[in-house]
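Scroll down for the structure; my scribbles are underneath it.
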Amino acid sequence: MHGIAIIWTDFKPVKGIERGLLQINNRPTIEYVLEALPDEIGEVFLSVKGEAEARLYNEIAERYFARLHVGRGLPMTEEVARLVGDEEIDSFIILPCDAPLLNKGFTSFLLEGTKKFSAIIPRSSDENCYYLFSSYRSREFVRACNSADRKQFDSVVNQMNNVLYVKLSALRVFDEKLNIFMRVNDFSDTKRIESIMRQSKS
C-alpha cells in the first residue's frame, strides 16, 4: 500500500506567525505532527496556502523529506483530490499542522483502517466529524469529490460507501484524555501543551 500524509497548514496565523511554526519547547509545532506519522507512510506533503507560506515551511520540509503542495485557492476537498489523484497513491491521512499531541498509535490506526474501509473519521457524540484527523482511500475520495454537488467534506463523504465513523470514546485507547485532538489556536495553548508534555514525562 502506497500511503501518504497530508499536513494541512492553511489556518489563520497567530499574530502573524503560521500555526505550524508556533514554538512549543523551542520547536515548531508542526515538527511534533511530522514525528507522529506512521513509519509506513511513503510520502509526506505539507499543503500550504501560497508561495509566501511555502518559503516559511521550506526548511522544515527539507529536514523531514516532505514535499510542499502550494494551494490554488480551491476548497480543501478539491485541493486534496488534486494532490492524491495519482493512481499510485492508495490511501492518505490528513492532519492539521497545529496538533502537537498526536501520537503514532492513532495515526497508524488511521492508515491501517483504509485497508478495510474507504474512510476512517472520528466523530463526537453530537456527530461533529473530525475531518482534519481522518484517512481515506484515494480513488474513492477523488470519485466522491467529483460527484458531490458541494465540495465541503460532509457532502463529499456522503458520496462514499463503507465509511467507518469512530466514536471519540473509542479512541481513548490511544490517549485517555484525547489530547491528540488538541490544537494550538493562540499563545496560551502553547503554554498549556508544554505543561501537558511535562506532566506526561514525570
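Read-outs: derived from the displayed coordinates by stated rules, not from any lab. Treat the numbers as computed from the prediction; the structure is a model and nothing was measured. Cβ atoms come from the backbone with ideal geometry, glycine included; neighbour counts cover every protein chain shown.
What's the extension gain from F65 to R143 if we count 0.36 nm per residue and subtract their Cα-Cα distance? Working shown, then result.
On the way: separation 78, 0.36 × 78 = 28.08 nm, distance 2.90 nm.
The span from F65 to R143 would gain 25.2 nm if fully extended.
Could you give the nm distance between label points at Q159 and E35, where each point is 7 Å from its Cα heading toward the beta carbon?
3.9
Among I17, I89, which comes first, second and so on when ranked by fewest other beta-carbon atoms within 10 Å?
Least crowded to most crowded, the residues run I17, I89.
Once you put a point 7 Å from the Cα of A170 and another 7 Å from the Cα of K104, both along the Cβ direction, what distance in nm separates them?
So the two model labels end up 2.4 nm from each other.
By how many nm would the segment from E88 to S200 grow when fully extended, if each residue of separation counts as 0.36 nm and the alpha-carbon distance is taken off? Mind showing how you got there, number by number?
Values: separation 112, 0.36 × 112 = 40.32 nm, distance 3.90 nm.
Gain on extension, E88 to S200, equals 36.4 nm.
Could you give the dipole magnitude of the chain about its Cα centre, charging the beta-carbon of Lys and Arg +1 and that of Asp and Glu -1, in debye to the nearest 20? It would help to have the intermediate numbers written out before the result.
Values: 27 positive and 29 negative charges, 102 e Å.
Dipole about the Cα centre, nearest 20: 480 debye.
Based solely on its DSSP helices, what 222 nm [θ] is calculated for the chain when runs of n ≥ 4 H residues each add -39,500 (n - 2.57) and the sum is averaged over all residues, nearest 500 deg cm²/dmol?
Numbers: 7 runs with 68 residues, N = 202.
Estimated from H runs of four or more residues: -10000 deg cm²/dmol.
Calculate, for L74 and H2, the FRET efficiency according to 1/(1 + (r/R0)^6) with r their C-beta to C-beta distance and R0 25 Å; round to the nearest 0.05.
Working: r = 24 Å, r/R0 = 0.95.
Calculated value: 0.60.
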